[in-house]
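Novice: This is the structure I want to talk about, given as structure tokens.
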Amino acid sequence: MSIEKQAIDNLATLARIAVDENKVEEISQRLSSVLELVDQLQAADTSELENLDHPLQGTQRLREDKVTETDQREAFQTIAPDTEEGLYLVPKVID
Amino acid sequence: MHNLSITELVDGLKKRLFSSAEITEHFLKRIKDLDAQFNSIISITEAEAMAAAKVADQRLAADDAPALCGVPIVHKDIFCTNGVRTSCGSKMLDNFVPPYDSTVVANFRDHGTVMLGKSNMDEFAMGSSNETSFYGPVKNPWSVDCVPGGSSGGSAAAVAARLTPGATATDTGGSIRQPAALCGITGLKPTYGRVSRWGMIAFASSLDQGGPMARSAEDCALLLNCMASYDSKDSTSANRAVPDYSATLNDSLKGLRIGIPEEYFSEGLNKGTEQAVQNALSEFEKMGAELVKIKLPNTGLSVPAYYVIAPAEASANLSRFDGVKYGYRCDNPQDLEDLYCRTRAEGFGEEVQRRILIGTYCLSAGYYDAYYGKAQQVRQLIRQDFIQAFENVDLIMGPTCPSPAFEFGSKGGDPVAMYLEDIYTISTNLAGLPGMSVPCGIVDNKPVGLQIIGNYFDEARMLNAAHQFQQATDWHQLSPEGV
């Protein structure tokens, strides 16, 4: 199974990765070869099986609803690319 | 000094034969003198190490020393370290200094270990050769033209080159066992949930598991004693007591039933590797174990299932790297979309981008059931194979990898050729079982590994078997020329 150029563009948009036009051909080829490998799964008969989401079939634990974390905003923001008055800055979204 | 085992270092420190400051200085000097050839360490934490060694020496002097007090160790650069850059082998996190310690790092700190530095790795742990690291490939100390394996190639090479007595590592599809095999050291991937994943940068959350690397099973047992814990901060952490893995190392192997899966000895396995593994199995027979032929019929489906599940989970996990709160941000973004798209295109390497795109494809509307759903069902099949096999055997053994270390670039541009490197290791991750690799021979002047797979939470038995094997053989004591 091969992936068309348009499908790569769509994937790139969904994944929020800017894809270089010159590389689309190569990406398409490599993704196709991985999908060819993955298509071997279709031959397996799994009609009777449930999905296995957790390797030990565990369930999510619940914890008491109480505050356990302290406010560390300042420490967290020292490693941010751009902040102002405790807020994270990004390019303008609304004109 | 660098040839002493962790067990010997602990003993020597307690007897004051040397101080932690002396050993720490010795290993730091080795890293500075020798690592230019191997590139196994991304960050050397000299000041932190010397300070920690000083504290360790004070505790040793006061007879207030925890189990591994004063022992130097290297952490894979996937474990967050408070105040020390944690890059995950990526340009995306080249400037990321975490404001907290991962549970694994905190556990080791609490047990008194001294961190020498952070080891090199495939970017976001995606690779089997360490060629995808932003910091350049790690070279195999046995042959610098060859890969060390991956993704924990830096940890494995550093242990093999005697730059550290032990290291932490992680394994999502073989990333502890395969580099351990290729570098001639011992490495263990515990049962899913045995070691906390909190603060360990996520690749594929239902497969990722941290574990120790050292030269011997005896040393891995000491490290796992510190590393394993129940952690309420990791919702998949196993809430069960951690046994003393050192206590049962000397148990007899008489009557041990070892399953030998026929699928692990099929086409594609290097003849020399096969012979080395057969010789190792004969050693176990000599020690009173019984070899039992078993079948794991769905082994062939493990690589395809993995390359749906791992990229799918990775595409979700890596969506957090968007240039907003930490890590890399592209220059002059035009708008928010441009900020996201260029940050991720410039910050992630080729293999990481490829896996994100594959994962996005498998999870996208109309494909979810055919890919992700199907792979999760196949995962069930693989798990059932193992459960059935373990009804009749105590351990399963076979090769860790199809062949010894390969040369850089030899898998060409074909990702699938690289993926098949993990054919014998991936199925245990899918099933959540523990697996380890121990050196069992030399082929073409390079080490090869025996894989030992255990039942759920049966790490003690695996370490016992590995230790007995290492008492009878000396493959784990061989060192690369010149180190």
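Novice: Go through the stretch B:81-120 residue by residue and tally those that are in contact with a Cys (Cβ under 7 Å, 6 or more places away or on another chain), farther than 20 Å from B:Leu28 by Cβ and either of a type in the set (A, V, I, L, M) or within 14 Å of chain A (Cβ to nearest Cβ) (or both).
Specialist: Of the residues in that region, 3 qualify.
Novice: How many residues, within the stretch B:286-313, are within 11 Å of chain A (Cβ to nearest Cβ) and in contact with a Gly (Cβ under 6 Å, 6 or more places away or on another chain)?
Specialist: Matching residues across the stretch B:286-313 total 3.
Novice: Is there a residue in the stretch B:112-126 that is out of contact with any Ser or Thr (no Cβ under 7 Å at 6 or more places or on another chain), among the charged types (D, E, K, R) and under 30 Å from B:Gly412 (Cβ atoms)?
Specialist: No, that holds for no residue.
Table: residues versus (1) at negative phi; (2) of a type outside the set (S, T, N, Q); (3) assigned to a loop (DSSP other than H, G, I, E, B); (4) touching a Leu at 6+ places or on another chain (Cβ under 9 Å).
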| residue | (1), (2), (3), (4) |
| --- | --- |
| B:Tyr230 | yes, yes, yes, no |
| B:Asp244 | yes, yes, yes, no |
| B:Asp251 | yes, yes, yes, no |
| B:Tyr264 | yes, yes, no, yes |
| B:Leu269 | yes, yes, yes, no |
| B:Ala280 | yes, yes, no, yes |
| B:Leu291 | yes, yes, no, yes |
| B:Gly300 | yes, yes, no, no |
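Novice: Can you tell me which residue is surrounded by the most Cβ atoms within 10 Å (Cβ to Cβ) among those in the stretch A:18-32 that are among the polar types (S, T, N, Q) and over 20 Å from the mean Cα position of the chain (by Cα)?
Specialist: Checked the stretch A:18-32; the qualifying residue surrounded by the most Cβ atoms within 10 Å (Cβ to Cβ) is A:Gln29.
Novice: Moving on to the next point. Could you please let me know if B:Arg329 is facing chain A (nearest Cβ under 7 Å) and either modelled with pLDDT under 95 or outside any helix (DSSP H, G or I) (or both)?
Specialist: yes
Novice: Filter the stretch B:303-320 for residues that are among the hydrophobic types (A, V, I, L, M, F, W, C) and either over 21 Å from B:Thr343 (Cβ atoms) or crowded, with 21+ Cβ neighbours inside 10 Å (or both) and give the result.
Specialist: B:Val303, B:Ala305, B:Val308, B:Ile309, B:Ala310, B:Ala312, B:Ala314, B:Leu318
Novice: Could you run through the stretch A:64-95 and say how many residues are at the interface with chain B (Cβ under 8 Å from one of its Cβ atoms) and exposed (fewer than 10 other Cβ atoms within 10 Å of the Cβ)?
Specialist: Residues in the stretch A:64-95 being at the interface with chain B (Cβ under 8 Å from one of its Cβ atoms) and exposed (fewer than 10 other Cβ atoms within 10 Å of the Cβ): 2 in total.
Novice: Let me ask something additional. If you take just the helices (runs of 4 or more DSSP H) that sit entirely in the stretch B:372-454, which of them hold at least 3 residues that are buried (at least 24 other Cβ atoms within 10 Å of the Cβ) and within 16 Å of the chain's Cα centre (by Cα)?
Specialist: B:426-431
Novice: Say we look at the stretch B:371-408 and pick out the residues that are at the interface with chain A (Cβ under 9 Å from one of its Cβ atoms) and charged (D, E, K, R); which of these is farthest from B:Asn455 (Cα to Cα)?
Specialist: B:Lys374
Novice: On to the next question. Regarding B:Thr343, is this residue assigned to a helix (DSSP H, G or I), of a type in the set (Ser, Thr, Tyr) and within 11 Å of another protein chain (Cβ to nearest Cβ)?
Specialist: Answer is yes for this residue.
Novice: Moving on to the next point. Starting from the stretch A:32-51, keep only residues that are more than 8 Å from chain B (Cβ to nearest Cβ), then list their pairs with residues that are surrounded by fewer than 16 Cβ atoms within 10 Å (Cβ to Cβ) whose Cβ atoms are within a distance under 6 Å, requiring at least 6 positions of separation or different chains.
Specialist: From the stretch A:32-51, the pairs are A:Ser32/A:Ser2.
Novice: Could you identify the single residue in A:Ser32, A:Ser47 that is assigned to a loop (DSSP other than H, G, I, E, B) and either among the small types (Gly, Ala, Ser) or in contact with a Cys (Cβ under 6 Å, 6 or more places away or on another chain) (or both)?
Specialist: Being assigned to a loop (DSSP other than H, G, I, E, B) and either among the small types (Gly, Ala, Ser) or in contact with a Cys (Cβ under 6 Å, 6 or more places away or on another chain) (or both) holds for just one of A:Ser32, A:Ser47, which is A:Ser47.
The values are calculated or read from the model by the stated rules, or taken from the named source; none is laboratory data. Since we're looking at a predicted model, the values are computed, not measured. Reconstructed Cβ throughout: ideal geometry from the backbone, glycine too, with neighbour counts over all protein chains shown.
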